[in-house]
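As structure tokens, the structure follows; a few thoughts come after it.
The values are calculated or read from the model by the stated rules, or taken from the named source; none is laboratory data. Since the structure is predicted, the reported quantities are computational estimates derived from the model, not experimental observations. Every residue, glycine as well, gets a Cβ built from its backbone with ideal geometry; the counts of neighbours run over all protein chains shown.
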Amino acid sequence: MSIRVLVVDDQMMVREGFSVLLNAQQDIEVVGEAVDGHDAVAKVRALEPDVVLMDIRMPGMNGLEATREIVAADTSAKVLVLTTFDLDEYVYQALRAGASGFLLKDASARQLAEGVRVVASGESLLAPSVTRRLITEFARVTQVRRGVVGSHQVEELTERETEVLVLIAQGLSNAEIADRLVVAESTIKTHVSRVLVKLGLRDRTQAAVYAYETRLITPT
């Protein structure tokens, strides 16, 4: 079955451009476009997309607010944020709100399609080195302002679950973690699920941010 995508951006040319690129993929179908956050929330309910390609800066309800509402509504839709380097703080807030990852707006057609596939599969878009650098910076800024949060919950994790959490934060996929720890990938999937449940997190992206905020990973 095709991956159903909703494209959200206030610029018509951007929406149409992304739609053309994604519809050219055999396994991806753009089921709708939205012009702002309010429109996005309404169309997620009506169209039930698998992935929402979300711009951040839009008039009315912005992408950050829309992401919060979509995640709070407990839909199956995954939010993939589109951004540029000058939107670091917005992106960090979007990740904490429940976005499953983000892409830079100058991503190639191949990167865009692969990003949609990664997020639709339940993974988080953390692999590119630029993503790791940005998340590290977000965590550093947040620690300066807010201090360490939720560290007591880490104590509920087993030693292996903590190890898996650290590797998630470093941007490794389940397969890469399995290779690193010399165990079956299915075992890693079980560990990841337990980590998310114990920490009350929605997905791998929030797990990675949590690891930085609680200083399991130290920003460098």
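Quick notes on this one:
- Every residue from the range 170-195 that is part of a loop (DSSP other than H, G, I, E, B) and modelled with pLDDT under 90: Gln170, Gly171, Leu172, Ser173
- Yes/no for Val41 being within 20 Å of the chain's Cα centre (by Cα), surrounded by 18 or more Cβ atoms within 10 Å (Cβ to Cβ) and within 20 Å of Arg117 (Cβ to Cβ): no
- Index of the failed condition, Thr205 passing every other in (1) at pLDDT below 90; (2) among the polar types (S, T, N, Q); (3) over 14 Å from Gly122 (Cα atoms); (4) part of a helix (DSSP H, G or I): (3)
- Residue that is nearest to Ala66 (Cα to Cα), among those in the range 8-30 that are crowded, with 19+ Cβ neighbours inside 10 Å and among the β-branched types (Val, Ile, Thr): Val8
- For the range 1-114, the helices (runs of 4 or more DSSP H) that sit wholly inside it and include 1 or more residues that are small (Gly, Ala, Ser) and at pLDDT 85 or above are 12-23, 37-47, 63-72.
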